[in-house]
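The values are calculated or read from the model by the stated rules, or taken from the named source; none is laboratory data. Not measured: the values here are computed from a predicted model. Glycine gets a Cβ as well: all are built from the backbone with ideal geometry, and neighbour counts include every protein chain shown. Just so you know, the surface numbers come from the protein's heavy atoms only, side chains and all, with ligands and any DNA or RNA stripped out. Shrake-Rupley method; radii C 1.70, N 1.55, O 1.52, S 1.80 Å.
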Amino acid sequence: MSVVASKDLVKGVFEGRIWAIARMITRAEASDRASEDALAEIYKSSRNAHVVGITGVPGSGKSTLVAELCKTIRKSGRKVGIIAVDPTSPFSGGAILGDRIRMGELVGDEGVFIRSMATRGALGGLSRATLPAIDILDAAGFDIVIIETVGVGQDEVDVVRAAHTTVVVSAPGLGDDIQAIKAGILEIADIHVVSKCDRSDANKTISELKNMLAIGLGLSAPSAWTPSVIATSAAKKEGIDTLAEAIDSHVKVLKESGEWQSRRLTMAEMRLLKTAEDILRDEFERHRAGKIQALVKKLANAEIAPQGAARKLLEDVWKEISL
Amino acid sequence: MADSKKTPIRVMMAKIGLDGHDRGVKVVARALRDAGMDVIYTGLHRTPEEVALAAVQEDVDVLGISLLSGAHMTIFPKVLRVLKEQDAKGIILLGGGVMPDEDVTELKAMGVQGVLLQDTPPNAIIETIETLVAERGAR
Ligand SMILES: Nc1nc2c(ncn2[C@@H]2O[C@H](COP(=O)(O)OP(=O)(O)O)[C@@H](O)[C@H]2O)c(=O)[nH]1
Ligand SMILES: [Mg+2]
């Protein structure tokens, strides 16, 4: 088996070839230095896609909703990329990625590209390769990129800083409380969805959520945009158009108010810090059994304090990567 | 790619056809996950074309198709055709289920790289996958 050259992959991505997009994402997942130039070229090539994050607890109906939403967006002719992230098992390092089960109908449409990913131990509910994968889909000409992530708590919602528009999904029948309130992820929502509204207990979820928002809970900084609550039923295909419209008008409102630009800067800020963390972790792993040993020993014997040791580590990493 | 970190083997498990049982597939999926692999499950009742296209998008190392319906001689050529049309390289195709020996021989000649008959224990499946992926090498 011959290895595909990076430049052929990049060319394939720009031409929108499925195999090339797919393989480029695989390379991004491996996060090796060999792909760095290719990913840089892709990053610089295009910043046009509207990135929509969809989050909520497991079972809240995200994947089903994404499938319906995607069908609706496709009617406008726009191309849709979907990245579905599921947690990696902490025990084996493997994962079962089952979001596609709900998205079967989308396969075969050339304007839709679906990729499943495992978190692989990355904090924040995103996989490390999620952001590069967004870039790749963007460069390949996808107009909207939807990221589905499991959001169970505040620490799990990096999606907010990866997406222009964040949709938080709540559902009836998953316990007494609204899961998003319990998880403290209410305030990250640009749009609230109460899914499964074909169920009779959905009204209760809707009114609870609206009450929370009415008393000012879950509102973030002042904004030209006010989060709304949209009731959907993927089963009855209701509310999906409303959601698609809200997603579009969110961008419009942010652009008009100038918040779009500041949001993009926040996203870039997060990207910078995350990427720096990734580099540090990679270097640490690479030298764990080698150079770093001496430093670790010193720290264990209290010959050096943690702060000083960490500074030394950063210095060494700096020397290493600036070669 | 010397400094690339070890990424989990990606496997797509698909069922094609009308039979509505996926207990076996789910058991195998869990065993593969426990062996450290990423397993993408597509659900029931997919067409060969859908499964092949999904496998290309997911860029899996291994596409495992399980079928009990006896339609393997028509299904696998369709899958192989789409993989070829899409220019997808390096996806290892595995079949699973029940079939006579002469079909196994013919499928292998066609490009199906392994056939795991029903009741192959998970450990043997894991071993087959790991061996085939190692033999294929980097891509
Ligand atoms: N009644 C009803 N059930 C739904 C609806 N959408 C999803 N579900 C069910 O909720 C469960 C979880 O759906 P899924 O989309 O996989 O949720 P996810 O884990 O958040 O991605 C499945 O059993 C779906 O069939 C809906 O609109 N109405
Ligand atoms: Mg899901």
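Tabulated values for the structure
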read-out: Residue among B:ALA29, B:ALA55, B:ALA71 with the largest mean-square fluctuation in a Gaussian network model of chain B, springs linking Cα atoms under 10 Å; value: B:ALA71
read-out: The protein assembly as shown: Rg to Rh, with Rh as the Kirkwood radius over Cα pairs; value: 0.99
read-out: Global geometry of the stretch A:1-97, whether rounded, prolate or oblate, following the gyration tensor of its Cα atoms and the 1.5 cut on a/c; value: oblate
read-out: The stretch A:274-323: trypsin sites (Lys or Arg not before Pro) falling in loop per DSSP and having at most 15 other Cβ within 10 Å; value: A:ARG288, A:LYS291
read-out: Antiparallel bridge percentage (DSSP; both residues within chain A; nearest 5); value: 5 percent
read-out: Averaged over A:96-107, number of beta-carbon atoms from partner chains that fall within 10 Å; value: 6
read-out: 15 Å Cα-Cα reach of B:LYS26 towards aspartates and glutamates, excluding residues that sit fewer than 8 places from it in its own chain; value: A:ASP99, B:ASP34, B:ASP38, B:ASP119
read-out: Restraint check, A:LYS71/A:LYS210; A:LYS79/A:LYS236; A:LYS7/A:LYS44, Cα-Cα greater than 20 Å; value: A:LYS71/A:LYS210; A:LYS79/A:LYS236
read-out: J(HN,Hα) series, the stretch A:291-304, from Karplus relation 6.51 cos²θ - 1.76 cosθ + 1.60, nearest Hz, glycine and proline x; value: 3, 5, 3, 4, 5, 4, 4, 4, 5, 4, 8, 6, 7, 9
read-out: Note, ³J(HN,Hα) from phi for the stretch B:73-80, Karplus 6.51, -1.76, 1.60, rounded to Hz, x at Gly and Pro; value: 6, 9, 6, 4, x, 5, 4, 4
read-out: Long-range amide H partners of A:ALA95 with built H, under 5 Å; value: A:SER89, B:MET37, B:ASP38, B:VAL39
read-out: The stretch A:46-257 shape via C-alpha gyration tensor axes, a/c threshold 1.5; value: rounded
read-out: Sulfur and carbon atoms: percent of accessible area, the protein assembly as shown [1.4 Å]; value: 54 percent
read-out: Approximate spin-label separation A:LYS252-A:ASP316, in nm, with each point projected 7 Å along Cα-to-Cβ; value: 5.7 nm
read-out: Amide H contacts under 5 Å for A:VAL51, placed H, 5+ residues apart; value: A:VAL145, A:HIS164, A:THR165
read-out: Relative contact order, percent, the stretch A:86-140 [alpha-carbon distance under 8 Å, six or more residues apart]; value: 34 percent
read-out: Pair B:LEU117, B:ARG81: separation of 7 Å Cα→Cβ label points (nm); value: 2.9 nm
read-out: 19 Å Cα-Cα reach of B:LYS84 towards lysines, excluding residues that sit fewer than 8 places from it in its own chain; value: B:LYS108
read-out: Residues with amide H under 5 Å from that of A:ARG120, placed H, sequence gap 5 or more; value: A:THR88
read-out: Low-density loop positions, GluC sites (Glu not before Pro), the stretch A:78-165 - DSSP coil, at most 15 other Cβ in 10 Å; value: A:GLU110
read-out: Per-residue average of Cβ from other chains inside 10 Å of B:84-95; value: 2
read-out: Rh (Kirkwood; distinct C-alpha pairs) - chain B, Å; value: 15.1 Å
read-out: Rel. contact order, % - alpha carbon contacts under 8 angstrom, at least six apart, the stretch B:13-120; value: 27 percent
read-out: Computed over the stretch B:76-139: relative contact order in percent, which uses C-alpha pairs under 8 Å that are six or more apart; value: 35 percent
read-out: Under 12 Å, Cβ to Cβ, from A:THR72 - net charge with Lys/Arg +1 and Asp/Glu -1; value: 0
read-out: Shielding by partners - mean other protein chain Cβ count within 10 Å, residues of A:8-19; value: 2
read-out: Rounded FRET efficiency, nearest 0.05, which uses the C-beta distance separating A:VAL296 from A:THR242 and R0 of 56 Å; value: 0.50
